[in-house]
1. If a residue has to be touching a Leu at 6+ places or on another chain (Cβ under 7 Å) and of a type in the set (S, T, N, Q) to count, how many in region 140-173 make the cut?
2. Need at least 3 residues that are among the charged types (D, E, K, R), modelled with pLDDT under 95 and not assigned by TED's automatic domain parsing to the domain that holds Thr13 per element, so show me which helices (runs of 4 or more DSSP H) inside region 165-270 make the cut, counting only ones lying wholly within it.
3. Mind checking which residues of region 182-222 are among the small types (Gly, Ala, Ser) and surrounded by 15 or more Cβ atoms within 10 Å (Cβ to Cβ)?
4. Just wondering, is there one or more residues in region 144-159 that are at pLDDT below 90 and in a helix (DSSP H, G or I)?
5. Just to be sure I understand the filter: pairs with C-beta atoms under 6 Å, separated by 6 or more residues or on different chains, first member in region 94-121 and under 27 Å from His37 (Cβ atoms) and modelled with pLDDT of 95 or more, second member among the basic types (Lys, Arg) and surrounded by 14 or more Cβ atoms within 10 Å (Cβ to Cβ). Which pairs pass?
6. Residues in region 6-23 that are surrounded by 24 or more Cβ atoms within 10 Å (Cβ to Cβ) and touching a residue at least 60 places away in the same chain (Cβ under 8 Å): how many?
7. Test Val34 against the criterion of being in contact with a Gly (Cβ under 9 Å, 6 or more places away or on another chain) and either within 23 Å of Gln4 (Cβ to Cβ) or surrounded by 21 or more Cβ atoms within 10 Å (Cβ to Cβ) (or both), and give yes or no.
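The values are calculated or read from the model by the stated rules, or taken from the named source; none is laboratory data. Bear in mind that the values here come from a model prediction, so they are computed numbers and not experimental data. Positions of Cβ are backbone-derived with ideal geometry, glycine not excepted, and every protein chain shown enters the neighbour counts.
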Amino acid sequence: MDMQLQGKTALVTGSSSGIGIGIAMTLAAEGVAVAVHGRDEGRARATADKIVGMGGTAAVAVGDLDSDAAADHVAAQALAAFGQIDILVNNAGGREDGAPLAFFDIAPDQWNRTYNSNVTSAVRMIHRLVPAMRERGWGRVIQVSSVAASSSSGGVAEYAAAKAGLLNLSLALSKVLANTGVTVNTISPGMILTGALEGWLDGIAAQRGFGADRDKAARWVLENSLKQTVDRLGTPDDIGYAASFLCSPRGAFVNGANIRVCGGASPSVN
């Protein structure tokens, strides 16, 4: 299906690795010129080079998003590359610690930092890029959240709370931008095969005596730990396909929604 995105421009934050690469590559395959963002210039350029290598158009916007000045710098690079940004995908974020922490081991300052890197960073980019979308009468904004936002295990409480904030942010902004041609939605991924997850699977393989067999570790997770209704782990492309639809004119009737792309892992209705 033609997603009718040829000639559009996008900034995908956090697109030098993981889910962000999947979103950037999928949008680029649909004809979107993509500003690849990351804190590491080499990794961001590697993603941009992949896009160019497949015949797409890409630029690089390097920097942190944890302060207003840093966000100004990133937005300026994206605008300098393409003149305007039609699509903003707020994917940057995450947790400071790889392993889950007990609730009372998470210091209040860490809650604040996690909120800043996931929610406030998204708000910064919205402030810098979305008013121009509203003036032009067309735009797309996507927040990348997590299934943890609606079904927290308690082990990553600060992360789950921040990701839940993104759900509310998208809904609120969709109301603010009602009837302007700009839609705002959230994608909530489940367990996706990124580099970080592959490292986790390697650890499980070692613990379970699977050697270096990552596929066997993934099978063990699916059968013993992760309660999904789809019999495989997700890929960054799965998130990219959802993002492409939401960004497309064909997805114009979806607004303020939270789309779970989790293989049926979430126990919640939405």
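1. 2
2. Filter on region 165-270 gives 214-224.
3. Across region 182-222, the qualifying residues are Ser188, Gly190, Ala205, Ala217, Ala218.
4. Taking every residue of region 144-159 in turn, at least one turns out to be at pLDDT below 90 and in a helix (DSSP H, G or I).
5. That search, which allows pairs on different chains as well, returns nothing.
6. Adding up the residues that qualify gives 12.
7. yes
Table: residues versus (1) under 23 Å from Asn112 (Cβ atoms); (2) of a type outside the set (Asp, Glu); (3) over 16 Å from the mean Cα position of the chain (by Cα).
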{"residue": "Val130", "(1), (2), (3)": "no, yes, yes"}
{"residue": "Gly139", "(1), (2), (3)": "no, yes, yes"}
{"residue": "Ile142", "(1), (2), (3)": "no, yes, no"}
{"residue": "Ala149", "(1), (2), (3)": "yes, yes, no"}
{"residue": "Gly155", "(1), (2), (3)": "yes, yes, yes"}
{"residue": "Tyr159", "(1), (2), (3)": "yes, yes, no"}
{"residue": "Leu166", "(1), (2), (3)": "yes, yes, no"}
{"residue": "Leu173", "(1), (2), (3)": "yes, yes, yes"}
